[in-house]
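**Student:** Before I ask anything, here is the structure I am working with.
Values in this text are rule-based calculations from the coordinates and carry no lab data. Since the structure is predicted, the reported quantities are computational estimates derived from the model, not experimental observations. Heads up, the Cβs are rebuilt from the backbone with ideal geometry, glycines too, and the neighbour counts pull from every protein chain shown.
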Amino acid sequence: MPPVELLLMLLLLATVIVVARLKDLFAAAMLTGIASLLAAGLFVLMDAVDVAFTEAAVGAGVSTVLFLGALSLTSRREKQQERTRILRILPIVIVVATGAALIYGTWDMPAYGDPDAVIHHHLAPDLIAETEEKIHIPNIVTAILASFRGYDTLGEVVVIFTAGVGVALLLGGLGLRRRDAGTEEES
Amino acid sequence: MRPPSRVREMPILRVIARALVPVILLFGLYVQFHGDFGPGGGFQAGVIFAAGLIIFALTFGVEALRQVVSVVLTERLMAAGVLLYGAVGVLAMFLGGEFLNYSALDPLTTGHHGQHLGIIAIELGVGIAVAATIMRVYYAFVGRRLDGDGEATEPALGAEPGEGTP
């Protein structure tokens, strides 16, 4: 593994271990944002800039703000609680088992960047050859998301809209809304 | 947590936010309209734009932001973004193509401009819907109070101190 990737990976590992062990929820929320930023750096190194963009903006930016917003409604420190021995050991067993299963799964995957991998020989060559000719824009990712798969993307936007409506209905913020509606009527 | 009123008295935060927010919003627009050529697109642009406005709210207070973007406006824009996307698809049908076949938007040429127009329009719809949704979720978190069961209200992040039920 190249040194920059290795460094980012080690920092990511250290960050998530600290997040799991911290009792200070404010520091944990900030470190979660840093973990997202490190992940975004890794995505850039893998040439997945669109994904890195999203990870940095959503993971490191917006979700950290929402964590802090939720924190302002509760206390800053995690409550001390008595846990039985099985409850202390069970989470780490589940995490290690899941991690081991995932690593076992990667053994069947082609090597990273392998040009002979199946995924690079199915649709990718056609899309790379024909995007310029059919859609006339240089960004193949945008062409696939917006045009070739436009119907899927419409569905995704509806999902985001539905999520927003769900949060608005569940969490409300109705006080703000009513006052806005009131000032609108007055003006 | 430190009371938000103290945060807004910090001159360094205020000065940096004042300088950064316009740049972030401009960058959001760049990502929005440059998505056909570089990385990015409607989703990333919407998130960046909303993040810029949220930084504004964190430093200058939610009230200041609500004078620019009201809660009702975010809800209308959420729907408007989705409808803009769908309308492009329906328009393509009226012009003789299939649903979301942007080539039909430009019947005069072989469809080059139609594809371009369609992608810009639907990306704009995505951007508007995403930015408005994130703003709405932020308002939902900030507008939430503990006053439902008579407990003392604590001002939420970025909210005005002393702000309670109307």
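**Student:** Would you compute the Debye intensity of region A:13-63 from its alpha-carbon atoms alone, equal scatterers and no solvent, and pass along log10 I(q)/I(0) at q = 0.16, 0.22 Å⁻¹ to two decimals?
**Tutor:** For region A:13-63 at q = 0.16, 0.22 Å⁻¹, log10 I(q)/I(0) is -0.44, -0.73.
**Student:** Sum -39500 (n - 2.57) across every DSSP H segment of at least 4 residues in the protein assembly as shown, then divide by the residue count to get the 222 nm mean residue ellipticity, nearest 500.
**Tutor:** Details: 15 runs with 235 residues, N = 353.
It comes out at -22000 deg cm²/dmol, rounded to the nearest 500.
**Student:** Expressed in whole Å with the largest first, what are the equivalent ellipsoid semi-axes of region B:4-149 derived from the C-alpha gyration tensor as the square root of 5 times each eigenvalue? Don't skip to the answer; put the middle values down first.
**Tutor:** Working: eigenvalues 270, 68, 15 Å².
Gyration-tensor ellipsoid for region B:4-149: 37, 18, 9 Å.
**Student:** I'd like to know which of B:ALA131, B:ALA17, B:GLY28 lies farthest towards the positive end of the charge dipole of region B:4-149, counting +1 on Cβ of Lys and Arg and -1 on Cβ of Asp and Glu.
**Tutor:** B:ALA17
**Student:** For chain A, just the Cα set please: Rg and Dmax, both in angstrom.
**Tutor:** 22.4, 67
**Student:** Averaged over all directions, how much area does the convex hull of the C-alpha atoms of the protein assembly as shown cover when projected, in nm²?
**Tutor:** Working: hull surface 92.1 nm².
Hull-based average projected area comes out at 23.0 nm².
**Student:** Mind giving me the nanometre distance, one decimal, between the label points for B:TYR30 and A:THR84, set 7 Å out from Cα along Cα→Cβ?
**Tutor:** Rounded to a tenth, the inter-label distance reads 5.8 nm.
**Student:** Right, another one. Full extension from A:ARG149 to A:VAL18: what is 0.36 nm times the residue separation minus their Cα-Cα distance, to one decimal in nm? Mind showing how you got there, number by number?
**Tutor:** Values: separation 131, 0.36 × 131 = 47.16 nm, distance 4.04 nm.
Extra length from A:ARG149 to A:VAL18 when fully extended: 43.1 nm.
**Student:** Between B:GLU63 and B:ARG76, how many nm apart are label points set 7 Å from Cα along the C-beta direction?
**Tutor:** 2.4
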